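Here's the structure we're looking at; comments come further down.
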Amino acid sequence: MIAEPKLVGPEYLASLLHKTVATIRADAQRRPQSLPPRMRIPDSRKLLWLEEDVLKWLDKHRSRS
């Protein structure tokens, strides 16, 4: 059985990044490059990310020193 991908919202991202939900929303508009790649669902303005993409993005930006 294939596991369904988990979609997460700005609240989840804010918690992980220690930012406010308002900052996540603003960054998604003004500085999308500062956030993990977003999941874009046609005809929807919801801010959603695949949890797997978020975790990969965090790992990619981890300091290795």
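Every read-out reported here was derived from the displayed coordinates using simple, explicitly stated rules and does not represent laboratory data. Here the structure is a predicted model, which is why all the values come from computation and not from measurement. So basically every Cβ, Gly included, is an ideal-geometry build from the backbone, and we count neighbours across all protein chains shown.
Binning all Cα-Cα separations of the chain at 10 Å, short to long from zero, yields these whole-percent fractions: 20, 54, 22, 5, 0. Think of each Lys and Arg Cβ as +1 and each Asp and Glu Cβ as -1; about the Cα centre, that makes the dipole of the chain roughly 340 debye. Protection proxy ranking, highest mean first, for peptides 11-23, 29-41: 11-23, 29-41, where packing is the per-residue count of other beta-carbon atoms within 10 Å, averaged. Can you work out the FRET efficiency for the pair LYS19 and ARG45, with r the C-beta to C-beta distance and R0 = 22 Å, to the nearest 0.05? Once rounded, the FRET efficiency stands at 0.65.
Along the axis of the charge dipole computed for the chain (Cβ charges of +1 for Lys and Arg, -1 for Asp and Glu, origin at the Cα centre), the listed residues ILE41, HIS61, TYR12 are led at the positive end by HIS61.
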